[in-house]
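Here's the structure, in structure tokens; my notes come after.
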Amino acid sequence: QVQLVESGGGSVQPGGSLKLSCVASGSIFNFYTMAWYRQAPGKQREFVAAIIDTGRTNYLDSVKGRFTISRDNDKHLVYLQMNSLKPEATAVYYCNCNFAGSNYWGQGTQVTVSS
């Protein structure tokens, strides 16, 4: 069982930045594939970014160049740096861990982009 706890959400104006953090339990964090998803009101949850154990990353096309996912294996943390935020980024952001065929989710953190 992996427990995930997100933090760092909030409200920001268009063009602003936010950095989300997610801390994971477990002693083998290094081997986890970590990802961020988001769910806007009335929409399905969608993939945003992922980082595997080697550090290779993958992004939703619409966030490439503006969002950066990273990890600190020593601290069991994964981050999502979000720059040049747009109103359509408003959603609940969820941290995800995939390991040994199982998926684990955090409780989510709200991001609101509005003027």
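The values are calculated or read from the model by the stated rules, or taken from the named source; none is laboratory data. All figures in this text were calculated on a predicted structure; none of them were measured in a lab. Note that we place each Cβ from the backbone using ideal geometry, even for glycine, and neighbour counts take in every protein chain shown. For accessibility, only protein heavy atoms count, side chains too; no ligands or nucleic acids. Shrake-Rupley method; radii C 1.70, N 1.55, O 1.52, S 1.80 Å.
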_At 1.4 Å probe radius, can you tell me the per residue accessible area of segment 26-115 in Å²?_
53 Å²
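How much of the accessible area of the chain, in percent, comes from carbon and sulfur atoms when a 1.4 Å probe is used?
Values: 2790 of 6100 Å².
Ligands and nucleic acids excluded, carbon and sulfur reach 46 percent.
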*asked:* Given the options 41, 23, 98, identify the residue whose Cα lies farthest towards the positive end of the charge dipole of the chain (+1 on Cβ of Lys, Arg; -1 on Cβ of Asp, Glu).
replied: 41
*Which semi-axis lengths, in whole Å and largest first, follow from the square roots of five times the eigenvalues of the Cα gyration tensor of segment 22-91?*
23, 13, 10
*Once you measure Cβ to Cβ distances between cysteines in the chain, which Cys have no partner under 4.7 Å?*
97
*Distance (nanometres) between label positions extended 7 Å along Cα→Cβ at residue 105 and residue 31*: 2.5 nm
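When ranked by the protection proxy of mean other Cβ atoms within 10 Å per residue, highest first, what sequence do the peptides 73-79, 13-19, 91-97 form?
91-97, 73-79, 13-19
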_Cα centroid separation - segment 58-109 against segment 1-17, whole Å_ = 9 Å
*If the label point is 7 Å along Cα→Cβ of residue 39, which residues in segment 98-115 have backbone nitrogen under 15 Å from it?*
104-111
